[in-house]
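Engineer: Once you've had a glance at the structure underneath, I'll fire off some questions.
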Amino acid sequence: MIIAEQKPFEEIKRSIAPAHKVLVVGCGTCVTVCFAGGAREAAILAASLRMAFKLNGDPKEITEVTVQRQCEWEYLDAVAEQVGKAEVVLSLGCGVGVQAIAERFPRTWVVPGLNTSFLGMPAEQGVWVERCAACGDCILGLTAGICPIARCSKSLLNGPCGGSQDGHCEVNADIPCGWQLIYDRLKALGKVEMLYEIRPPKNWRASRDGGPRKIVRPDLRLIEEE
Amino acid sequence: MAQLTSSDGYLSGSNLERVLRAGHFAVTAELGPPQSADAEVIRRKAALLRGFCDAVNITDNQTAIVRMSSIGAGAILAREGLEPVIQVTCRDRNRLAIQSDLLGAYALGIRNVLCLTGDHQTFGNHPEAKNVFDLDSVQLIQMVKTLRDERTFQCGEPLRGTEPRFFIGAAESPFADPVEFRPYRLAKKIKAGANFIQTQLVFDVAAFELFMEKVRSLGLHQQAYILAGVGPLKSPAMAKYMKENVPGILIPDELIQKLEEAGKPWAGKSKDELTKEEKKARSEAWKQKGIEICVELIQRIMQIEGVAGVHIMAIEWEEAVEPIVKGAGLYPRPVVEPLPA
Amino acid sequence: MNGDYQILAFCCQYCAYAAADLAGGLRLQYPPQVKIIQIPCTGKMDVLYALQAFEEGADAVMVAGCLPGDCHFLEGNYNAVRRVERVKHILQAIGLQPERIKMFHISSSMASRFVSAVEEMCSIVKELGPNPLRIDPKVVSEEKGDESE
């Protein structure tokens with residue numbers, strides 16, 4: 001899922017400062033699960049902002065609403081009226097949610113309340129880790145189900161580099177060496193010889209390097225939209 | 001070593017290649033370019049190395065700190081009559097930039113290239129930079145080889161005109177993890193096209209012997225020239241720091257003890273109790289011992305089957321190269337004439 | 001300030017709430033400005049409860065749970081400690097003194113400890129003054145204006 005975290009409070013404050021009527025829009029999907037922008041976080045942030053501005057002698061009308069998924073039009077349509085009344089929408093969705101609001105409500109000023117961090121999962125309660133870089137050309141079948149693009153600091157395809165020591169990356173002792181993980185798992189599965197093969201340069205065009213990406217599935221499209 | 005060679009029988013015809021092919025025990029030294037545009041620094045360092053090595057290895061923004069480019073410094077060195085080995089890392093440039101730089105480097109007279117992945121930029125002085133790592137070191141080696149032997153760009157398009165003919169180097173860290181995989185990773189680099197290998201600093205000769213045993217069993221020493229990385233230790237503190245903080249560096253305690261013994265006359269006194277002169281004398285004693293240890297290491301490494309030379313890394317201490325090379329009996333350096341065309 | 005202030009005490013029903021009860025039974029005196037809210041466990045304590053309390057004008061919030069290791073739900077009181085920490089961070093960010101919220105560990109038999117905890121919160125409020133959110137900002141500025149004259 002998409003992992004995000006809330007922006008610093010001061011930055012959020014600055015971004016909505018000129019407005020009086022503020023609508024905080026939470027999202028009920030990924031960012032709810034990672035405790036960054038769900039209904040509860042939206043309520044906490046709205047209350048915090050109300051108090052902060054009131055203490056500054058600039059009380060604002062700050063309300064909140066949470067939609068099931070900010071990244072789909074039909075859920076956004078449900079809050080169109082509230083959005084219409086707000087001078088600024090503070091989105092607690094991921095970057096997709098913010099843009100969906102901007103696109104659906106062309107006359108609305110929208111600002112992000114979160115930094116969208118990565119595609120990952122909770123390793124334990126309160127700890128999230130990156131797992132996928134959305135490179136568009138999955139090679140997990142070659143690397144024992146551990147992604148070197150997302151989990152090697154240098155995204156090596158023929159790792160590990162000389163910076164691997166005691167299982168961790170040279171960048172930071174908190175980062176497990178992705179290639180040590182790959183090696184260990186291939187060894188446990190009796191497939192180390194897969195690493196003897198040279199992996200050719202990656203086609204980064206399938207990744208963001210090829211420009212914004214789009215997928216079209218003709219079999220799923222509605223006839224009138226074609 | 002069956003390789004596609006040019007008409008003179010060499011891959012690149014570089015001095016390093018000629019020395020190695022002639023069967024001499026090769027010596028290369030390292031030169032760190034300045035954090036400025038001062039060509040005089042290169043000339044000054046070149047003067048310290050002239051005559052004591054077969055080629056000079058120039059770092060490419062080592063530890064991710066901006067310095068004069070390895071190619072720029074290499075071109076100055078070539079004009080000074082020394083032979084550069086330019087390091088090329090994958091951190092700062094993509095496949096377009098690297099190929100273009102290689103064409104330029106060759107045109108400037110550079111004949112050896114060392115292909116590296118590169119230290120991560122978070123170590124350096126621009127930790128907020130976007131890194132590249134479009135290729136990794138193995139793919140970089142392949143690309144340099146393809147340019148040379150197939151006269152083809154990485155994209156598959158033919159290179160018309162003069163192709164860059166480099167003697168291709170790669171690095172290997174014998175003691176980084178996973179240790180048992182390191183000889184196989186070396187094999188990948190050689191399969192990709194590496195002609196010579198420089199290892200990470202070796203201080204633990206016994207561990208290096210084990211590594212070389214595996215290397216020989218894979219026949220790798222017959223497919224590429226392996227140069228062992230060596231370097232003088234400056235002080236016990238530096239040795240301890242490297243041992244604990246630099247991945248892939250093993251330093252036996254006895255070496256650290258030897259250094260400590262060299263500093264014994266000044267032992268038991270705190271920093272503040274020592275006069276400036278005393279500190280200087282102690283530092284000199286450590287350095288002397290560091291050079292002595294380095295000479296001993298080279299002499300032991302020379303006995304290991306499959307080691308074709310040494311690469312001396314005396315970073316910011318180029319003066320140490322002369323006594324090390326002389327002490328190890330590797331002076332004067334051989335002069336190998338090019339093969340007849 | 002006079003005695004016109006409010007302290008909210010979120011008390012676990014198994015320990016601190018019982019301690020408050022016992023204090024009453026023992027006729028121990030404690031400041032009447034505290035309003036006790038019984039919760040099934042301090043693990044139920046929500047960051048939002050505290051924020052709402054402050055937004056509505058509470059001068060201080062105390063959260064009182066079981067002694068470490070004694071939670072009926074194993075670690076509810078530990079979770080409460082961390083939530084109180086988070087509230088402190090939020091208070092700091094919005095410009096309220098983080099000292100206005102505090103976590104206590106009070107077993108059901110510690111009636112006098114409950115009393116001293118309430119007294120501690122009272123003295124904190126006396127030191128910090130009333131929750132400025134309770135005062136109309138206009139009134140504040142008028143008062144300031146008066147002072148300057």
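Read-outs throughout are calculated quantities, based only on the coordinates presented, and are distinct from any laboratory measurement. Computed from a prediction, not measured in an experiment: that's the story for all the values here. Because the Cβ atoms are built from the backbone with ideal geometry, glycine has one as well, and the counts that use them run over all protein chains shown.
Engineer: Using +1 at the Cβ of each Lys and Arg and -1 at the Cβ of each Asp and Glu in region A:89-173, identify which of A:102, A:112, A:128 lies farthest towards the dipole's positive end.
Structural biologist: A:102
Engineer: Cut-off 20 Å, label point 7 angstrom out along Cα-to-Cβ of residue B:264: give me the residues of region B:281-318 whose amide nitrogen falls inside.
Structural biologist: Counting backbone N atoms under 20 Å from the label point, the list is B:281-294, B:296.
Engineer: What's the angle, to the nearest 10 degrees (0 to 90), between helix B:137-149's Cα axis and the longest principal axis of chain B?
Structural biologist: In chain B, helix B:137-149 runs at an angle near 40 degrees to the longest axis.
Engineer: How tilted is helix B:95-107 with respect to the longest principal axis of chain B? Cα atoms for both, answer in degrees (0 to 90, nearest 10).
Structural biologist: The two axes meet at around 90 degrees.
Engineer: Measuring from the lowest to the highest alpha carbon on each principal axis, how far does chain A reach, largest first, in angstroms?
Structural biologist: Here the spans come out as 65, 50, 26 Å, largest first.
Engineer: Region A:11-90: percent of C-alpha pairs farther apart than 21 Å? If you can, show how the numbers build up before the last one.
Structural biologist: On the way: 829 of 3160 pairs.
Summing the P(r) tail past 21 Å for region A:11-90 gives 26 percent.
Engineer: Quick check: residue separation of residue A:175 and residue A:187 times 0.36 nm, minus the Cα distance between them. What number comes out in nm?
Structural biologist: Working: separation 12, 0.36 × 12 = 4.32 nm, distance 2.08 nm.
Roughly 2.2 nm would be gained on extension.
Engineer: Residues of B:131-137, mean number of Cβ from any other protein chain within 10 Å of their own Cβ, rounded to a whole number?
Structural biologist: Values: counts 3, 2, 9, 5, 6, 13, 6.
That works out to 6 on average.
Engineer: Then there is this: At R0 = 56 Å, how high is the FRET efficiency between residue B:157 and residue C:112 if r is their beta carbon distance? Nearest 0.05 is fine.
Structural biologist: Numbers: r = 87 Å, r/R0 = 1.55.
Efficiency, from the Cβ-Cβ distance: 0.05.
Engineer: Also, I was wondering about something else. Nothing charged except the Cβ atoms of Lys and Arg (+1) and of Asp and Glu (-1): what's the magnitude of the dipole of the protein assembly as shown about its Cα centre? Round to the nearest 20 debye. All intermediate terms of the calculation are to be shown ahead of the outcome.
Structural biologist: Values: 81 positive and 89 negative charges, 283 e Å.
Charge dipole, the protein assembly as shown, about its Cα centre: 1360 debye, nearest 20.
Engineer: While we're here: Obtain the nm distance between the two label points defined at residue B:250 and residue A:223 by a simple spin-label model: each point lies 7 Å from its Cα along the Cα-to-C-beta direction.
Structural biologist: 7.3 nm
Engineer: Under a 10 Å cutoff between Cα atoms, tell me which one of B:69, B:217, B:173 has the largest fluctuation in the Gaussian network model of chain B.
Structural biologist: Highest fluctuation among the options: B:217.
Engineer: If each residue of separation counts as 0.36 nm, what is the full-extension length gain between residue B:337 and residue B:24 once their alpha-carbon separation is subtracted? Please list the in-between numbers first.
Structural biologist: On the way: separation 313, 0.36 × 313 = 112.68 nm, distance 1.30 nm.
Extending this stretch completely gives an extra 111.4 nm.
Engineer: Here's something else I'd like to know. Report the one residue of C:76, A:149, B:116 whose Cα lies farthest in the direction of the positive end of the charge dipole of the protein assembly as shown (charges on C-beta: Lys and Arg +1, Asp and Glu -1; origin at the Cα centre).
Structural biologist: The residue sitting most towards the positive pole is B:116.
Engineer: Still on this structure: Hey, fewest Cβ within 10 Å first, where do B:98, C:106, B:58 land in order?
Structural biologist: On the way: B:98 23, C:106 26, B:58 30.
Ordered by Cβ neighbours within 10 Å, fewest first: B:98, C:106, B:58.
Engineer: While we're looking at this one, here's another question. Which whole number gives the average count of other chain Cβ atoms within 10 Å of the Cβ atoms across peptide C:86-94?
Structural biologist: Details: counts 1, 2, 0, 1, 7, 2, 1, 9, 12.
That average works out to 4.
Engineer: Right, another one. To check you understand DSSP bridge types, tell me what percent of the beta bridges within the protein assembly as shown (both residues inside) are antiparallel, rounded to 5. All intermediate terms of the calculation are to be shown ahead of the outcome.
Structural biologist: Working: 14 of 77 bridges.
Taking every DSSP beta bridge within the protein assembly as shown, about 20 percent pair in antiparallel fashion.
Engineer: Next question, about the same structure. Hey, fewest Cβ within 10 Å first, where do B:302, B:313 land in order?
Structural biologist: With the fewest neighbours first, B:302, B:313 line up as B:302, B:313.
Engineer: Something else: Calculated from DSSP H runs of 4 or more alone, at -39500 (n - 2.57) each and per residue, what is the 222 nm mean residue ellipticity of the protein assembly as shown, nearest 500?
Structural biologist: Numbers: 24 runs with 265 residues, N = 716.
Value at 222 nm, helices only, nearest 500: -11000 deg cm²/dmol.
Engineer: Next question. Quick one: order C:109, A:15 by neighbouring beta-carbon count within 10 Å, fewest to most. Please list the in-between numbers first.
Structural biologist: On the way: C:109 11, A:15 16.
Exposure proxy ranking, most exposed first: C:109, A:15.
Engineer: While we're looking at this one, here's another question. Report the gain in length on full extension from residue B:281 to residue B:150: 0.36 nm times residue separation, minus Cα-Cα distance, nm rounded to one decimal. Write down the numbers at each step before the final one.
Structural biologist: Working: separation 131, 0.36 × 131 = 47.16 nm, distance 5.65 nm.
Gain in length upon complete extension: 41.5 nm.
Engineer: Roughly what angle does helix B:253-262 make with the longest principal axis of chain B, taking Cα atoms, 0 to 90 degrees, to the nearest 10?
Structural biologist: 50 degrees
Engineer: For peptide A:193-201, how many partner chain Cβ atoms fall within 10 Å of a residue's Cβ, on average?
Structural biologist: Values: counts 1, 0, 4, 6, 2, 11, 4, 5, 11.
For peptide A:193-201, the averaged partner shielding equals 5.
Engineer: Right, here's the next one. Suppose R0 equals 22 Å. What FRET efficiency, 1/(1 + (r/R0)^6) with r the Cβ-Cβ distance, do residue A:10 and residue A:35 give to the nearest 0.05? Present the calculation step by step, with values, prior to reporting the outcome.
Structural biologist: On the way: r = 20 Å, r/R0 = 0.93.
Calculated transfer efficiency: 0.60.
Engineer: Here is a further query. May I ask for the longest run of chain A untouched by trypsin sites (Lys or Arg not before Pro) that are loop-located per DSSP and have at most 13 neighbouring C-beta atoms (other than their own) within 10 Å? Walk me through the numbers on the way to the answer.
Structural biologist: Details: sites that count: A:107, A:191, A:213, A:214, A:221.
Longest run free of exposed loop sites: A:1-106.
Engineer: Can I ask one more? Please give, to one decimal in nm, the separation of the simple spin-label points placed at residue C:67 and residue C:38, each 7 Å out from Cα toward the Cβ.
Structural biologist: A separation of 2.3 nm, rounded to one decimal place.
Engineer: Would you please give the FRET efficiency between residue B:241 and residue B:38, computed as 1/(1 + (r/R0)^6) with r the Cβ-Cβ distance and R0 = 25 Å, to the nearest 0.05? Display every interim value, and only then the final one.
Structural biologist: Values: r = 28 Å, r/R0 = 1.14.
Once rounded, the FRET efficiency stands at 0.30.
Engineer: A further question follows. About the Cα centre, and with charges only on the beta carbon of Lys, Arg (+1) and Asp, Glu (-1), how big is the dipole of region A:62-204? Nearest 20 debye, please.
Structural biologist: The calculated dipole for region A:62-204 is roughly 360 debye.
Engineer: Got a sec? Charge dipole of region C:7-148, +1 on Cβ for Lys and Arg, -1 for Asp and Glu; which of C:92, C:11, C:67 is way out at the positive end?
Structural biologist: C:67
Engineer: With +1 on each Lys and Arg Cβ and -1 on each Asp and Glu Cβ, how big is the dipole of region C:1-98 about its Cα centre, in debye rounded to the nearest 20? The partial results should precede the final answer.
Structural biologist: On the way: 7 positive and 9 negative charges, 27 e Å.
So the magnitude is around 120 debye.
Engineer: Here's a follow-up. For the pair residue A:203/residue B:79, report the inter-label distance in nm, with labels modelled 7 Å from Cα in the Cβ direction.
Structural biologist: Spacing of the two 7 Å Cα→Cβ label points: 4.5 nm.
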